[in-house]
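*Asks:* Take this structure first; my questions come after.
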Amino acid sequence: NIYINVINDTGSGYATGLHANSGAEVHVDNSDDGVVTINNWAYNSINGCGIKTKNGIGGKRSWVEVTGLVDIQGNLVNGQGMSEGLSAVGSTIDVGGGRIIMNDDGTGGDIGGFAGGSCFAIRSLTEFVTDANGVANRGIVNVNVIKDANSSTANAIGAGDNYVQIKGDVGTKGDMGSYGLVNLGLNTMDSYWHGNYSAAIDKSSGIAYGL
């Protein structure tokens, strides 16, 4: 098992439990019943995230893969920042299943609301930087899915056998000019997603698939 506590009360910055940027990759093999537990606390207009991937380099793609279960709790305190469970910008996050539970203390507005604080269980966005073919890198988040290849851009073709329990919004909203992709495999009796899908606005469009 892996235990990570993320606390951001410094007054600036962005704290994450697992992070990949600029084409980096992080692979955690906990398929032998291990659990990656991340508790994330974001205070006073500061951002925090359980697992975050970004990119920012043309022709590259960052990737965080957790083959087994996660147990992520995101806590937004004093309601003015953003707390996220999984967040992929122009990059990929794969997790095998588990829990993603977002908790808002209520002082900054509803879960997912931008008036004050926001709590997204999952966000997936496209970024401005393009790949080698001139196409903007698309965010991809997969939770308990079967893919057609072991790569960061492989297609989801079915749901896995693990439980998935999600409390919080799923969003592909952003002003990046394109869209992100979220694949959720809700395939057991104890699986659920309690939250809203925040469709992209303005120039954006979004997709959220349930397998």
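The values are calculated or read from the model by the stated rules, or taken from the named source; none is laboratory data. Just so it is clear, the model here is predicted, and its values are computed rather than measured. FYI the Cβ positions are ideal-geometry reconstructions off the backbone, even for glycines, and counts take in every protein chain you see. Protein only, heavy atoms only, side chains kept; ligands, DNA and RNA dropped before computing areas. Shrake-Rupley method; radii C 1.70, N 1.55, O 1.52, S 1.80 Å.
*Asks:* Within region 69-88, track down each residue that is of a type outside the set (D, E, K, R) and either at pLDDT 90 or above or open to solvent by 40 Å² or more (accessible area, probe 1.4 Å) (or both).
*Replies:* Kept after step one, since they are of a type outside the set (D, E, K, R), are these residues of region 69-88: 69-70, 72-83, 85-88.
If the condition is that a residue be of a type outside the set (D, E, K, R) and either at pLDDT 90 or above or open to solvent by 40 Å² or more (accessible area, probe 1.4 Å) (or both), then L69, V70, I72, Q73, N78, Q80, G85, L86, S87, A88 are the ones that fit.
Let's see how each residue does on (1) at pLDDT 95 or above; (2) more than 17 Å from the chain's Cα centre (by Cα); (3) of a type in the set (D, E); (4) not in a strand (DSSP E or B):
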site: K60; (1), (2), (3), (4): no, yes, no, yes
site: T67; (1), (2), (3), (4): yes, no, no, no
site: V95; (1), (2), (3), (4): yes, no, no, no
site: M102; (1), (2), (3), (4): no, no, no, no
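*Asks:* Would you point out the residue of region 34-52, among those that are of a type in the set (S, T, Y) and outside any loop (DSSP other than H, G, I, E, B), that is modelled with the highest pLDDT? Walk me through how you get there before you give the answer.
*Replies:* Pass one, region 34-52, residues of a type in the set (S, T, Y): 37, 43, 45.
If we keep only those that are outside any loop (DSSP other than H, G, I, E, B) as well, we get 37, 43.
On the way: T37: 95, Y43: 69.
Only one residue tops the list, namely T37.
*Asks:* Right, something else. Working only within region 119-151, note down all residues that are modelled with pLDDT under 95, within 16 Å of the chain's Cα centre (by Cα) and not in a strand (DSSP E or B).
*Replies:* T126, E127, N137, R138, G139 - these are the residues of region 119-151 that are modelled with pLDDT under 95, within 16 Å of the chain's Cα centre (by Cα) and not in a strand (DSSP E or B).
*Asks:* Checking N55 against (1) open to solvent by less than 40 Å² (accessible area, probe 1.4 Å); (2) at pLDDT 95 or above, which test does it fail?
*Replies:* Failed condition: (2).
*Asks:* Of (1) at pLDDT 90 or above; (2) over 19 Å from R61 (Cα atoms); (3) within 16 Å of the chain's Cα centre (by Cα); (4) among the polar types (S, T, N, Q), N183 satisfies all except one. Which?
*Replies:* (2)
*Asks:* What are the pairs with Cβ atoms under 7 angstrom where one residue, in region 184-196, is open to solvent by 70 Å² or more (accessible area, probe 1.4 Å) and the other, located anywhere, is part of a loop (DSSP other than H, G, I, E, B) and acidic (D, E)? Sequence gap at least six, or different chains.
*Replies:* N187/D161
*Asks:* Determine if region 15-27 includes at least one residue that is touching an Asp or Glu at 6+ places or on another chain (Cβ under 6 Å), within 23 Å of I146 (Cα to Cα), open to solvent by 50 Å² or more (accessible area, probe 1.4 Å) and at pLDDT 75 or above. Walk me through it before giving the result.
*Replies:* Step one: of region 15-27, the residues touching an Asp or Glu at 6+ places or on another chain (Cβ under 6 Å) are 27.
Then drop every residue that is not within 23 Å of I146 (Cα to Cα), which leaves 27.
Retained after the next criterion (residues that are open to solvent by 50 Å² or more (accessible area, probe 1.4 Å)): 27.
Right, trim to at pLDDT 75 or above and you get 27.
So far as region 15-27 goes, yes, one or more of its residues are touching an Asp or Glu at 6+ places or on another chain (Cβ under 6 Å), within 23 Å of I146 (Cα to Cα), open to solvent by 50 Å² or more (accessible area, probe 1.4 Å) and at pLDDT 75 or above.
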